[in-house]
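See structure below.
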Amino acid sequence: MPGEKGDDLSNPELSKQQIELVERIGVLHDRLGFSPAPGRVVGLLMVSLEPELTFDEIRDALGMSKSSTSAAINLLLSLGSIEYRTRPGDRKRYFRKSYENWEASLLERMDLFFSLREPLGEALEMQGRSEESRRALARVTDFLGFLETEIHEAFKRWEQQREHGG
């Protein structure tokens, strides 16, 4: 029946619960250093009843400007967080959340974070500050090294656990 939720695909309607989840995902992205717009796009693609949405459907559902929607989609495409496909005879692109290679993507982002350890170590060598400051910076540097090893080991253990039905 026209007017029912999800009936008009050019403006997919979301339940209150879906809207709240999309917003929470947007806020989390904001806290991770991204603008909330890419997070909202990801959230929408995760909760939508439709597996793929067009640019206009995303823009309409989120109430975003064309430029914000375009910037968010382009960022997410470059990060591999979303992907698109086309349909024969249709010039539109249909976007969906990408779950391919999430492990590699996550480890790559974490390795980028862990790469802070080297310049922090150099700063520690150059630092002429108090012993307290040197100890604090050394502690951060040591922890990053520890965490890097543990993350990779945890991933291996998780894979083994999944292989053995756990």
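The values are calculated or read from the model by the stated rules, or taken from the named source; none is laboratory data. Worth saying up front: this structure is predicted, and the values here are computed from it rather than measured. Cβ: placed from backbone, ideal geometry, glycine included. Neighbour counts: every protein chain shown.
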Criterion: on the phi < 0 side of the Ramachandran plot and free of Cβ contacts under 8 Å to residues at least 12 places away in the same chain - qualifying residue of Glu83, Glu103, Glu132, Glu148: Glu132
Criterion violated by Phe113 - all others in (1) in contact with a Ser or Thr (Cβ under 8 Å, 6 or more places away or on another chain); (2) in a helix (DSSP H, G or I) satisfied: (1)
Against the conditions (1) modelled with pLDDT of 90 or more; (2) over 29 Å from Glu159 (Cβ atoms), where does Ser10 fall short? Just the number, please. (1)
Give Arg40, Arg59, Arg93 a once-over and let me know the one that is surrounded by fewer than 17 Cβ atoms within 10 Å (Cβ to Cβ) and basic (Lys, Arg). Arg93
Picking from Ser115, Ser133, Ser81, the residue that is of a type in the set (Gly, Ala, Ser), surrounded by 10 or more Cβ atoms within 10 Å (Cβ to Cβ) and either touching a helix residue (DSSP H, G or I) at 6+ places or on another chain (Cβ under 6 Å) or within 30 Å of Arg59 (Cα to Cα) (or both) would be Ser81
Phe95 fails exactly one of the following numbered conditions: (1) in a helix (DSSP H, G or I); (2) of a type in the set (Phe, Trp, Tyr); (3) over 25 Å from Thr149 (Cα atoms). What is the number of that condition? (1)
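This table checks each residue for (1) of a type in the set (S, T, N, Q); (2) assigned to a loop (DSSP other than H, G, I, E, B).
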| site | (1), (2) |
| --- | --- |
| Thr69 | yes, no |
| Glu118 | no, no |
| Arg134 | no, no |
| Leu144 | no, no |
| Trp158 | no, no |
| Gly165 | no, yes |
Inside segment 102-150, the number of residues satisfying the requirement of being closer than 22 Å to Gly33 by Cα and either modelled with pLDDT under 85 or of a type outside the set (S, T, N, Q) (or both) is 23
Any chance segment 57-75 includes a residue that's acidic (Asp, Glu), under 23 Å from Leu112 (Cα atoms) and at pLDDT below 95? no
Quick check: is even one residue across segment 99-109 in contact with a strand residue (DSSP E or B) (Cβ under 9 Å, 6 or more places away or on another chain) and either surrounded by 13 or more Cβ atoms within 10 Å (Cβ to Cβ) or part of a helix (DSSP H, G or I) (or both)? no
